[in-house]
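First up is the structure itself, then whatever we jot down about it.
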Amino acid sequence: MARAYNFSAGPAILPEEVLKEAQAELLDYKGTGMSIMEMSHRGKEYTAVHEEAIANIKTLLKIPDNYSVLFMTGGATTQFSLIPMNLLGEGQSADYINAGSWGSGAVKAAKKLGKINVIADTSKEIPTRMPKNSELKFSDDAAYVHITSNETIAGTQVKEFPKTKAPLIADMSSDILSRPLDVSQFGLIYAGAQKNLAPAGITLVVIRNDLAERAPETLPELFQYRAFIAENSLKNTVPTFPVYMLMLVTRWLIAKGGLEGMQKLNEAKAAVLYKAIDDSSFYKGTAVPEQRSPMNVTFRLPTEELEAQFVKEATKQGMTSLKGHRSVGGIRASIYNAFPAAGVDALVAFMKEFEAENG
Ligand SMILES: *Cc1c(COP(=O)(O)O)cnc(C)c1O
């Protein structure tokens, strides 16, 4: 059976090599006679997996020693609340940069827990864009500044992170490990796994250790970054299979040339698709050119009827999940790390055919 070119925004495509490896080890992990998902999270086999996943992430992101890598649950959405619960002290406020649906979600959750200043808001703008760094007016005493690095629905990406006095916190759910990053610029980075890391079930958090000390003693332990640091994310049962998959995916990334190598591949794929959009007057990109996302490519056709027909015909040809998010419509091609270049070429060929027939 042929694999589809899966353009899903998340849960998303995983590297085929990784899926095959997991398949080969599924019934008998390294001669143990059981699957990795059937073993104790404190046994020696799983411990090695857990440690390698953390080590690979540290290698890929060149993480400084005063940061910890955590595996949490509840997705990025839970982090929207855990961040203010841990880092926003009594009477303090935080700055939020809102560039779309996910930024709006982070703001909404944080507003229930403390004083939030939305210092820039482009969430309703069409064409979609990220606030420019020159537009940002930070508060003097913010406990932290929150930003979304890649707006998955709008198809926009931060190209240069703002320099902030307060710790910068970034939701990187849809572009984590897609490009090199200077982690020392951030206080905390988080990402739900199911877009660019692993299957759904874990949330990656990279946190500067001193920030974890801010959490009030009254906060339940499993909501505290501090407890996850102290117990190496093993306070309770960690979702072992997603961590195992993350270990395989990060190994695959290292073999592909790390984040520099991945960035080159991602930019090349995105360039082919954006060129096809720009060369045509039938397709229109929805994001401003200078902030286009290499992960989520969003565009429109002349009518919604043509968009529906486009999605339907593409699906018949094995190109799936091209329908834009239900809140905005249009077309969205998510082409994360694991998405093959051949799939982008196939989509571009289909776009040309479709335009010739319907344009
Ligand atoms: C998908 C996504 C989320 C939500 O992630 P969950 O893991 O489903 O909670 C949050 N932020 C961004 C940028 C996303 O792409």
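Enumerate the residues in the stretch 197-235 having an amide nitrogen under 12 Å from the point lying 7 Å beyond the Cα of Val183 toward its Cβ. The answer is 205-209. Working note: Karplus 6.51/-1.76/1.60 with θ = phi - 60° gives the stretch 130-141 the couplings 9, x, 6, 4, 5, 7, 8, 10, 6, 6, 5, 10 Hz, where Gly and Pro are set to x. About the centre of its Cα atoms, the chain shows a dipole size close to 240 debye [charges on the beta carbon of Lys, Arg (+1) and Asp, Glu (-1) only; nearest 20 debye].
Once the chain from Lys111 to Lys163 is taken as fully extended at 0.36 nm per residue, the excess over their C-alpha distance is 16.3 nm. Its Cα centre serving as origin, the stretch 68-205 has a Cβ charge dipole (Lys and Arg +1, Asp and Glu -1) of approximately 180 debye.
Distant-in-sequence amide contacts of Ser93, defined by a placed amide H-H separation under 5 Å and a gap of 5 or more residues or a different chain, comprise Ala143.
For the stretch 183-305, a Kirkwood radius taken over Cα pairs fed into Stokes-Einstein (25 °C, viscosity 0.890 mPa s) yields D = 137 µm²/s.
Could you let me know the centre-to-centre spacing of the stretch 1-56 and the stretch 147-210, using Cα atoms, in angstrom? Going from one Cα centre to the other spans 23 Å. Looking at the chain, the DSSP beta bridges with both ends there are about 55 percent antiparallel. As a calculated quantity, the FRET efficiency between Phe138 and Ala55 at R0 = 30 Å, using C-beta atoms, amounts to about 0.30. Between the listed residues Ser101, Pro127, Thr47, the Cα displaced farthest toward the positive end of the dipole of the stretch 17-255, a dipole computed from Cβ unit charges relative to the Cα centre, is found at Pro127.
In the context of the full set of protein chains, the chain has a per residue accessible area of 44 Å² (1.4 Å probe).
For the stretch 279-359, relative contact order (Cα pairs under 8 Å, six or more residues apart, normalised by length) works out to 28 percent. Net length available on complete extension from Arg251 to Glu25 is 79.8 nm, with 0.36 nm assigned per residue and the Cα-Cα distance removed. Could you work out the relative contact order of the chain? I mean the mean sequence separation of Cα pairs under 8 Å and 6+ apart, divided by the number of residues, in percent. Once normalised by length, the contact order is 23 percent.
Count charges around Gln23 for me, please; just the other residues with Cβ under 11 Å from its Cβ, Lys/Arg as +1, Asp/Glu as -1. Value of the local net charge: -3.
Among 197-203, 330-336, the peptide with the highest mean count of other Cβ atoms within 10 Å heads the list, and the full ranking is 330-336, 197-203. Solvent-accessible area of the stretch 171-222 (1.4 angstrom probe, protein heavy atoms only): carbon and sulfur portion equals 50 percent. In this label model, Thr303 and Thr218 are separated by 6.0 nm, measuring between points 7 Å along each Cα→Cβ vector. Available extension along the chain between Arg42 and Ile126 is 25.2 nm, counting 0.36 nm per residue and deducting the alpha carbon span. Normalised by 2.2 N^0.38 Å, with N the number of residues, the alpha-carbon radius of gyration of the chain equals 1.01. Simple rule: put +1 on each Lys or Arg Cβ and -1 on each Asp or Glu Cβ in the stretch 17-255, find the dipole, and look at Val183, Asn209, Tyr244; the Cα lying farthest toward the positive end is Val183. At q = 0.13 Å⁻¹, work out log10 I(q)/I(0) for the stretch 1-96 with the Debye formula, treating every Cα as an identical point scatterer and leaving solvent out; two decimals please. The Debye formula, applied to the Cα set alone, gives -0.78. As a size descriptor, the averaged projected area of the C-alpha convex hull of the stretch 258-358 was calculated at 6.4 nm². Take the Cβ atoms of Lys316 and Lys275, set R0 to 35 Å, and the FRET efficiency comes out at 0.90.
The values are calculated or read from the model by the stated rules, or taken from the named source; none is laboratory data. All of these numbers come straight from a predicted model, not from anything done at the bench. Cβ atoms come from the backbone with ideal geometry, glycine included; neighbour counts cover every protein chain shown. Note: accessible area is taken over every heavy atom of the protein model, side chains too, but ligands, DNA and RNA are not part of it. Shrake-Rupley method; radii C 1.70, N 1.55, O 1.52, S 1.80 Å.
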